[in-house]
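K.L.:
One structure follows; several queries about it will come next.
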Amino acid sequence: MELRRAVADGRERLETLERFGSSSPASEAAEKCVEILEKATASIRSIFVGVSSADDVADGDLECALAPFYLSRALQRLRVEPTPAARLGVAKRARAATREFLSLVERLDVFGDDERREWEDDYSTATTPAAARAEAIKRHERQQATRLKLEALDDADPRDKIVFRLLEASQTALDDLRLADREIEMLELVSGDPPKPEPRRITNDADWLRAAEDGKGLRVLRVAADRTVSRDRVKAAVFSPDPRRLPTVSLEEAADRELRDALRRQAASSSNNNQPDLRRTKQLEDDGDDDDEDAYDAATKRDEAWDTWREHHPRGSGNKGDNIY
């Protein structure tokens, strides 16, 4: 029960941090959230030793499986020194938590076919930008479908809701992992830190037991209060992003928005092209389209119809004065 309260507390703290967005509260709030979720993540590992599916886990314990996912998201909210090395450390910790969560989802057999294939095949098999864009669209559609199913489970069994929350979180985690790999690769190049081989998946009980026996989990990064400026720090800070200009959405989300806008413009343009041409002869001449015989003939008929109507309805013949009836 205490573990479940800790996971719920960490989730609520994370939601508070995410609501603040770029204007996040004091760094201590993010550090406290990470600290709680680290302890919870370390504590849940022993629960899932020997587990082969979600059916082997009690409902309350199953919901605790979200702890490493919450931890990875909370780590992304930590404030660190504006250096590639400091950011690299946090990015690797967040990626490790994401990998642990996805390995746990795999162990619980919650993955859908597409998510399992993406996880086992190293995220993507696309070889061209067009194929990568198509995969991004399919991922977005799957996430939307999962979200709609989850919203429709208001009166369903609580266990079904937990399973769908795990599936929804795994879809988000796969996107996070893809972006984390890119960020870490760039930071390793900038900081001169050679990449080290790291296990991508936890697939057997020995690995889970080893993680559970460690007990300490990840350590919270404490930013020192030292304000001194050194040559190395200035040199490293050259490559750090301006915090006022950090992106507010991921590359995948930006690409999805551009695609939706392009499709919307295309549909609007197609709709406009299907509208009948109601121009008059003067307008055709002004537009340089008077050589189009069909359009010009139609415009001439409209002009004649308008002249006929004006002839039968002279100016001032409307309902006014003594002419109302």
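K.L.:
Taking the residues in the stretch 146-168 that are more than 17 Å from the chain's Cα centre (by Cα) and of a type in the set (Lys, Arg) as candidates, determine which candidate is farthest from Ser103 (Cα to Cα).
P.N.:
Among them, the one singled out is Lys149.
K.L.:
Quick check on my filter: what residues within the stretch 1-18 are among the hydrophobic types (A, V, I, L, M, F, W, C), at pLDDT 85 or above and either more than 23 Å from Asp157 (Cα to Cα) or part of a loop (DSSP other than H, G, I, E, B) (or both)?
P.N.:
Ala6, Leu14, Leu17, listed by residue number.
K.L.:
Give the residue that is surrounded by the most Cβ atoms within 10 Å (Cβ to Cβ), with candidates limited to residues of the stretch 19-64 that are modelled with pLDDT of 85 or more and of a type in the set (Lys, Arg).
P.N.:
Taking the candidates together, the pick is Lys39.
K.L.:
Within the stretch 118-135, does at least one residue satisfy the condition of being acidic (Asp, Glu) and at pLDDT 85 or above?
P.N.:
Within the stretch 118-135, not a single residue is acidic (Asp, Glu) and at pLDDT 85 or above.
K.L.:
Further, regarding this structure: Considering only residues of the stretch 146-197 that are in contact with a Leu (Cβ under 8 Å, 6 or more places away or on another chain) and among the polar types (S, T, N, Q), which is surrounded by the fewest Cβ atoms within 10 Å (Cβ to Cβ)?
P.N.:
Ser191
K.L.:
Further question on the same structure: Looking at (1) surrounded by 15 or more Cβ atoms within 10 Å (Cβ to Cβ); (2) within 21 Å of the chain's Cα centre (by Cα), find the lone condition where Glu12 falls short.
P.N.:
Here Glu12 clears every test but (1).
K.L.:
Let me ask something else about it. Inside the stretch 293-325, can you point out the residues that are at pLDDT below 80 and under 60 Å from the mean Cα position of the chain (by Cα)?
P.N.:
none
K.L.:
What are the residues in the stretch 73-124 that are out of contact with any helix residue (DSSP H, G or I) (no Cβ under 8 Å at 6 or more places or on another chain) and hydroxyl-bearing (Ser, Thr, Tyr), if any?
P.N.:
Ser103
K.L.:
When the residues of the stretch 273-292 are narrowed to those that are surrounded by 13 or more Cβ atoms within 10 Å (Cβ to Cβ) and in a helix (DSSP H, G or I), which ends up modelled with the lowest pLDDT?
P.N.:
Among those that are surrounded by 13 or more Cβ atoms within 10 Å (Cβ to Cβ) and in a helix (DSSP H, G or I), it is Leu284.
K.L.:
Just name the residue that is surrounded by the fewest Cβ atoms within 10 Å (Cβ to Cβ) out of those in the stretch 70-113 that are in a helix (DSSP H, G or I) and polar (S, T, N, Q).
P.N.:
Checked the stretch 70-113; the qualifying residue surrounded by the fewest Cβ atoms within 10 Å (Cβ to Cβ) is Ser103.
K.L.:
Determine, yes or no, whether Gln144 is of a type in the set (S, T, N, Q), over 21 Å from Pro68 (Cβ atoms), in the same structural domain as Asp59 (by TED's automatic domain parsing) and in a helix (DSSP H, G or I).
P.N.:
yes
The values are calculated or read from the model by the stated rules, or taken from the named source; none is laboratory data. Here the structure is a predicted model, which is why all the values come from computation and not from measurement. Please note: Cβ atoms are built from the backbone with ideal geometry, for glycine as well, and neighbour counts cover all protein chains shown.
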